[in-house]
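The values are calculated or read from the model by the stated rules, or taken from the named source; none is laboratory data. Since the structure is predicted, the reported quantities are computational estimates derived from the model, not experimental observations. Here the Cβ positions follow ideal geometry from the backbone for every residue, glycine too, while neighbour counts run over all protein chains shown. In case anyone asks, the SASA skips ligands and DNA or RNA and just uses the protein heavy atoms, side chains included. Shrake-Rupley method; radii C 1.70, N 1.55, O 1.52, S 1.80 Å.
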Amino acid sequence: MSQTAILWFVGAWFTVFLILGQNVSTVLLGSGIVGIVLWIGPRVFDGIIGPDIFYTASIYSLSIIPLYLVMAQLLLRGGVIVDLFRVAHRLSGYKRFPLGVATILTGGLLGAVCGSGSASAAALATLAAPELERVGYTRRYAIGLAAVSGSLSAVIPPSLIVIIYGSITMVPIGHLFIGLLGPGLICMLVYIVCMVFYAETKPGAVDGVKVDEDEDPALFRRSVNAFVFVLVLMGVVFGGIYGGIITVGEAGAIGAFTALVGMVAMGRVTLKDIGLSMADSVKVTGMLMMLVIGAQIMARFLAFSRVPRELVALLEPWLDQPMLLVALMMVLFFFAGMILESAAIIVLVVPILLPLLQAAQIDLLWFGVVASFMIALGLLTPPVGLSVYAAASAARFPVGEVFRPATVFAVAAGVIVTALMMLFPALVTWLPSHIG
C-alpha cells in the first residue's frame, strides 16, 4: 500500500469510527496502531508502542489531574455550590440584574475550586434558575445563564484542558494557570455586560421579590463559613503558585488535603462521601489518561508520516503573518469545540499544530491560554454543548431552547476576549512573567 493510500485509509478509519460513536481515545489508539503497522510493519510492537505508552503514563504533569479532581469532588459532595449561591443570593438583594451577576460570580468561584463545567452548570440550573425565574427572567434565559455561569469552570483555573495542554507542549502548568486568570476575569465581565444588553424577561414581572420563607440564621452562617473557606482555599492554591512558594503539583496536593480537612471539620462529608470522591476522581483520571495515551500513539504515526512537516511546508507563506495564522487556528478550535469534547481537541489537534507554532515562533504559553479559552466556549454551543445539556437536563427543559441564549454569550465572549488577547498579549503573559 502506498504512503498516500495509508494516510487516506487511516483518515477514513478515524472518521468512520468517530461517526459511529466510538470513544475518542479508542479511535485515536486504533487509528495510530493501524497507521504505524501499515507504515512500518508489525515489528513496531517490539520497541515503540510499549515505551510510548509507559512514557506517556509517567509524565509528571499528568499526576496533577487526580489531585485537583479530588479537591473538586470533595467540595461538590460537601454541598459548597448551594452555600456559594445562598450567600450570593443574599448579597444581590433579591433583585434581577444583581442576582444574575451573583450567579456568574458564583460560577467563577466554583471554577476556581471545581474544574467541572457540567457539574457546576447542573447544580446552578437546579439552584439558581428557579430564583432567576422568580425575579423576572424567562425560564429559558435563566437556565441558559446557569449554563453560562457553570461553563466558567473550564475558563477559570485550575482547568483540566490546560493541564493536558501543558503536558503535551511542556509549558509550565503553573504559568498557564496564572495566565488564564486575566482572560477568565475578563470573560466574566463580558458576560455581565451581555446581561445589560441582552436579557429575556417576563412581561409585567416584578423585580426585587424576596422569598416568603424566613431564612434560618444558623443555615446562613453555615453558608458564610463555606464561602469564606472557598476564598481561603483559592488563596492557598493560587497565592502559593503565584508567589513561587509551591509548585502547581504541590498546590493541588495541598488544595485536596485542605478541602478534605475543611469538609470533615465542618461535618460536610462522611467516610462514604470521601470514598466516592476518590472513586470518581480515579474514573475521570483513567478516562483522560486513555485519551492522552491514544493521542500519543496517533502523534507517533503522524511523526512517521511527516504530516506535521508537510503542514509546515504547505503553510510556509503564512509563517510571516503569525496573527493571521492564529486567527485561523482559533476558528478551527471554536468549530472543533462544537462537535468534540474539549480534552479530545487538545490531544488530537495540538500535536499536529505544534511544529507549525514553533516554526512561526508563536509563544506557546499565550497560544495555550487562547486555544483553551476558545475550546471551552464549546461547552455552550450546539450540537455538543455539555454545560447546556447538563443545565437543561437538571432543569428538565428542552435543550434546544437553552442553546439560543447560551450561544449569544459564547459568541460575544469568543469575539471580544479573543480579540483582546490577540491585540494585547500581555493580558496573558504579564502575570506569569512575575511568578517567583
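For the range 113-150, name all the residues that are hydroxyl-bearing (Ser, Thr, Tyr), modelled with pLDDT of 85 or more and open to solvent by 20 Å² or more (accessible area, probe 1.4 Å).
Of everything in the range 113-150, just one residue is hydroxyl-bearing (Ser, Thr, Tyr), modelled with pLDDT of 85 or more and open to solvent by 20 Å² or more (accessible area, probe 1.4 Å), namely THR138.
Quick one: which residue in PHE367, PHE373 is in contact with a helix residue (DSSP H, G or I) (Cβ under 8 Å, 6 or more places away or on another chain), farther than 22 Å from TYR191 by Cα and in contact (Cβ under 8 Å) with a residue 12 or more places away in the chain?
Only one candidate passes the filter, namely PHE367.
Which residues, counting only those in the range 313-353, are more than 18 Å from the chain's Cα centre (by Cα), modelled with pLDDT of 80 or more, of a type in the set (A, V, I, L, M) and open to solvent by 30 Å² or more (accessible area, probe 1.4 Å)?
Across the range 313-353, the qualifying residues are MET323, LEU324, ALA327, LEU328, ILE352.
Would you check if ARG77 is surrounded by fewer than 21 Cβ atoms within 10 Å (Cβ to Cβ) and at pLDDT below 80?
Criteria not met by ARG77.
Looking at (1) at pLDDT below 80; (2) surrounded by 14 or more Cβ atoms within 10 Å (Cβ to Cβ); (3) more than 30 Å from ILE274 (Cα to Cα), find the lone condition where PRO51 falls short.
(2)
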